[in-house]
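Engineer: Here it is, the structure, as structure tokens.
FYI, it's all coordinate maths here, none of it is from the lab. Here the structure is a predicted model, which means the values were calculated and not measured. Cβ placement follows ideal geometry from the backbone for every residue including glycine, while neighbour counts extend to all protein chains displayed.
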Amino acid sequence: MQVENTINFDHHYHGAFDFSPKWRFVQGYWFGNLLKQIVDTALKKNIQLISLVSEDFGEEEKCGGIVIGKDSIHNKFAQIERFALRLPKEYGHDVDQSVMKIEHNGKEVYIIHTQVPIVKDKGRRLDHLVIGGNHERTIPNLLPLDETNEWINDNYDTNQIIRVAEHIGLEEHFGLTGEKFLEEFRNGNYDALEFNAQMINPSNLNALRYKIPFLGSKLKVANKGLNEANRDIAMKHNIPMLYGSDGHRVEHIGLACSRFPYSSINTSSALSLLRSLRINIIANNFKGQEGYASCLQWTRWLSEFVVGHGIKMPHPDLTAVYRKGTFKS
């Protein structure tokens, strides 16, 4: 939705499951430029800031865990630079640290490297959304939560990252309990929690999950009651709540978003953008735009996920080309 004098931010966006040839084939993005499709959709929906999420178990043993390599096919920020080099000439692009700016017809879209490191804590998996950071030095997977946060604090400037808790209270989907989240938030290990646009199942229909083959179990995870419960936590404890699509297809971008006063976000450089974004999130200086995926949208990406995991095909080790520098004024 167009809102005057705002910068609109989708803080949790996958774009596609993966940018490898296999997943682009499965999801129908084999032809065309995937980055162009993302940017065109963002401009159409008036989304100026996108957190592009990389989430994979990784392939390199390092720092006591397994990391996604800087040139990995699973490093989405690395791969969009490859797509950027193939954009039509009317699309300008620039990379500053781990933020990409795309310009088209006088409008700008900023894509921020974001990672969900896979945390292994006391025998169970946790997800931990980190906006910003460094796509050339990703957070190790499979470390306990305290070691993950220790690594982040030691290796990243915490003034230019935002840590968001996913799926609080839904341990089946790798979320923390409410009590554990509050403890971690008070210790400075989280900055916000989230509203997730993929939570499509109304609480009063949750019993349907027992009657629908296969999808029923997934509906339990996609329970709208989770957003309602997380909103209650946010309001009771004065915790910022970011609104995001958790989109796994291009058209999902902006299903939900956070709206910031236009003048509050400094886009002159990656450092300025991330720091001003963090300041405004912590200060709760934004409004949430609530929205949900349709049942058809949700079923489609879930079906693609199932089909894709049944397909085995090799992919080349594609190396991105980077152009360092700062944004042009």
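Engineer: Provide Rg and Dmax in Å for the stretch 220-280, with only Cα atoms included in the calculation.
Structural biologist: Reported Rg and Dmax, both Å: 14.6, 43.
Engineer: Rounded to the nearest 500, what is the 222 nm mean residue ellipticity of the chain from helices alone, with -39500 (n - 2.57) per DSSP H run of 4+ residues and division by all residues?
Structural biologist: The helix-only estimate for the chain comes to -8500 deg cm²/dmol at 222 nm.
Engineer: Give me the net charge for the shell around H74: Cβ to Cβ below 9 angstrom, other residues only, Lys and Arg +1, Asp and Glu -1.
Structural biologist: Net local charge, H74 excluded: -3.
Engineer: Which FRET efficiency value, to the nearest 0.05, do you get for T299 and K107 by plugging their Cβ-Cβ distance into 1/(1 + (r/R0)^6) with R0 = 30 Å?
Structural biologist: 0.40
Engineer: Ok, one more. Need the full-extension length gain, T158 to K122, defined as separation in residues times 0.36 nm minus the C-alpha distance. One decimal, nm.
Structural biologist: Answer, rounded to one decimal: 10.4 nm.
Engineer: Quick one: net charge of L274's neighbours, Cβ under 15 Å, K/R +1, D/E -1?
Structural biologist: +1
Engineer: Within straight cross-link reach of K180, meaning Cα distance under 20 Å, which aspartates and glutamates are found once same-chain residues fewer than 8 apart are removed?
Structural biologist: D121, D127, D146, E147, E150, E166, E171, E172, D191, E194, E228, D232
Engineer: Highest mean first, what order results for 81-88, 245-252 on Cβ atoms within 10 Å?
Structural biologist: Top of the packing list down: 245-252, 81-88.
Engineer: Test of understanding: what is the full-extension gain from Y262 to N187, defined as 0.36 nm times their sequence separation minus their Cα-Cα distance?
Structural biologist: 23.9 nm
Engineer: Roughly how many debye, to the nearest 20, is the charge dipole of the chain about its Cα centre, given +1 on each Lys and Arg Cβ, -1 on each Asp and Glu Cβ, and no other charges?
Structural biologist: 840 debye
Engineer: Computed from the coordinates I sent, mean projected area of the Cα convex hull in nm² equals one of (1) 16.2; (2) 18.5; (3) 20.1. Tell me the label.
Structural biologist: Step by step, mean projected area of the Cα convex hull in nm² for this structure corresponds to label (1).
Engineer: Give the relative contact order (percent, whole number) for the chain; include only Cα pairs under 8 Å separated by 6+ residues.
Structural biologist: 23 percent
Engineer: Same structure, new question: Suppose the chain between K89 and L43 were pulled fully straight at 0.36 nm per residue; how much longer would it get relative to their current alpha carbon spacing?
Structural biologist: Computed gain between K89 and L43 is 14.8 nm.
Engineer: Follow-up question, since we're still on this one. Strictly over 29 Å apart at the Cα level, which of K122/K287; K76/K107; K22/K44; K70/K224; K44/K224; K22/K70 would you flag in this model?
Structural biologist: Beyond 29 Å between Cα atoms: K122/K287; K70/K224.
Engineer: Where both residues lie in the chain, what percent of DSSP beta bridges are antiparallel, nearest 5?
Structural biologist: 65 percent
Engineer: Considering only the other residues whose Cβ falls under 13 Å of the Cβ of D154, what net charge follows from Lys and Arg at +1 and Asp and Glu at -1?
Structural biologist: Its environment carries a net charge of -3.
Engineer: Suppose a student asked you for the relative contact order of the stretch 1-115, using Cα pairs under 8 Å spaced at least 6 residues apart; what percent would you report?
Structural biologist: Result for the stretch 1-115 is 28 percent.
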